[in-house]
Amino acid sequence: MAWTSQNPDPEIPRPASPAAAAAQGAVSPAPGGRADGTETRPMANIGKSLQIKGELSGGEDLTIDGTVEGKISLSGHRLTIGQSGRVTAEIGAKSILVSGELKGNASAEERVEVAATGTMRGDIRSPRVVLADGARFKGSIDMDGKPGSPVRVAAP
């Protein structure tokens, strides 16, 4: 069987229009969003080979796979420390996921999660905290804060 650009498999009918796709249950991306209906947000990435010292603040989600030392302030945004990420910092963000290594205090408006591959040495302040089976953690946890309350990060 030869493949054509119009209908590569005659057994799988192709909808003629987006309305027909919706009628058949196909999902198409929403304007400015993804196929699952969630909205895409700007995201920055600090790669494995990057090393940063100083104060980091921003208005978008951030993934760290490199090394960062200092202070990180991402009010209203998500911080992800990847498996190869090594962070020594005081952190304030909407939510924080630690899959690598974090030395320092973490304050989150919504949630702090230390994944099974994560190591954290420092204090956590957040209304919700998740320590996955296998995660390493040494510090204290304060969950008294009210959800949505502003997060303040002390200067290092």
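The values are calculated or read from the model by the stated rules, or taken from the named source; none is laboratory data. Everything numeric in this text was worked out from a predicted model, so none of it was measured. Here the Cβ positions follow ideal geometry from the backbone for every residue, glycine too, while neighbour counts run over all protein chains shown. Just the protein is used for accessible areas: all its heavy atoms, side chains included, with ligands, DNA and RNA removed. Shrake-Rupley method; radii C 1.70, N 1.55, O 1.52, S 1.80 Å.
Taking amide H as placed 1.01 Å from N in the peptide plane, the amide H of Asn45 sits under 5 Å from that of Thr63, each at least 5 places away or on another chain. For the residues Thr63, Thr117, a 1.4 Å probe over the protein chains yields an accessible-area ranking, largest first, of Thr117, Thr63.
Apply the a/c threshold of 1.5 to the C-alpha gyration tensor of the stretch 65-152 and tell me whether it is rounded, prolate or oblate.
oblate
For trypsin sites (Lys or Arg not before Pro), the sites in the stretch 111-141 that DSSP calls loop and that have at most 16 other Cβ atoms within 10 Å are Arg128. Of the GluC sites (Glu not before Pro) in the stretch 38-100, the ones in a loop by DSSP (not H, G, I, E or B) with at most 13 other beta carbons within 10 Å are Glu60. In order along the stretch 88-96, the Karplus-derived 3J(HN,Hα) couplings, from 6.51 cos²θ - 1.76 cosθ + 1.60 at θ = phi - 60°, round to 10, 6, 8, 10, x, 7, 5, 8, 9 Hz, and Gly and Pro are given as x. Per residue, the stretch 70-112 exposes 31 Å² of accessible surface when a 1.4 Å probe is rolled over the protein heavy atoms with every protein chain present.
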